[in-house]
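Contents: one structure, followed by commentary.
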Amino acid sequence: PSMRTLLFDGHETKLATASADSIWLESNQLAAATGFHLEPQGFCRGELCVPIPPSARARFVDGTRVNVAALAAQLRRPVVLDDAHSVISVGPEPGSRLAGGEAPDFTLPDFDGVQHSLSQYRGKKVVNMSWASW
């Protein structure tokens, strides 16, 4: 089986095999891989508990294994599989911010060479479009 890397909230876990809709881990690996624990009421992390629908339990739990893709779906979080790099990434919660706090100030020229600093636009909506050649 091919090895894959699972990325989930800053955790990186090596998996023997997985797909975007089926990421089975031993339940004792769940906390290290996701921060969640399997409890009788569902998957829990701190105050957050995600219930497992009784009619769909087999999709979430199989003996001592748990399906992280099913957990992600319950949380409405996207799962992306990059076959070329053998990586599966579980995205952030809907509506969450990827970074906290204010963006650091920077200054860049526009097409006419006029310098603009991000701090000039504090309190206003700003779209920063960038491009890279790699």
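Starting from the Kirkwood Rh over alpha-carbon pairs, what translational D in µm² s⁻¹ does the chain have by Stokes-Einstein at 20 °C and 1.002 mPa s? In µm²/s, the coefficient rounds to 122.
Kindly provide log₁₀ I(q)/I(0) values, in the same order as q = 0.14 Å⁻¹, from the Debye equation applied to equal alpha-carbon scatterers of region 3-70. Calculated log10 I(q)/I(0) at the listed q: -0.38.
When only C-alpha pairs under 8 Å and at least 6 residues apart count, what is the relative contact order of the chain, in percent? In percent, rounded to a whole number, it is 20.
In region 32-134, which trypsin sites (Lys or Arg not before Pro) are in a loop and have at most 11 other Cβ atoms within 10 Å, using DSSP for the loop call?
Working: sites: Arg45, Arg57, Arg59, Arg65, Arg76, Arg97, Arg122, Lys124, Lys125; in loops: Arg76, Arg97, Arg122, Lys124, Lys125.
Sparse-neighbourhood loop trypsin sites (Lys or Arg not before Pro): Arg76, Arg97, Arg122, Lys124, Lys125.
Applying 1/(1 + (r/R0)^6) with R0 = 35 Å to the Cβ-Cβ distance of Val80 and Thr107 gives a FRET efficiency near 0.55. Full extension of the chain between His11 and Asn28 gives 4.6 nm of extra length, using 0.36 nm per residue less the Cα-Cα distance. All other residues whose Cβ lies under 13 angstrom from that of Gly63 are scored, Lys and Arg at +1 and Asp and Glu at -1, for a net of 0.
Each reported figure results from applying straightforward, stated rules to the coordinates on display, with no laboratory input. Everything numeric in this text was worked out from a predicted model, so none of it was measured. As a convention, Cβ positions derive from the backbone with ideal geometry for all residues, glycine included, and neighbour counts pool all protein chains shown.
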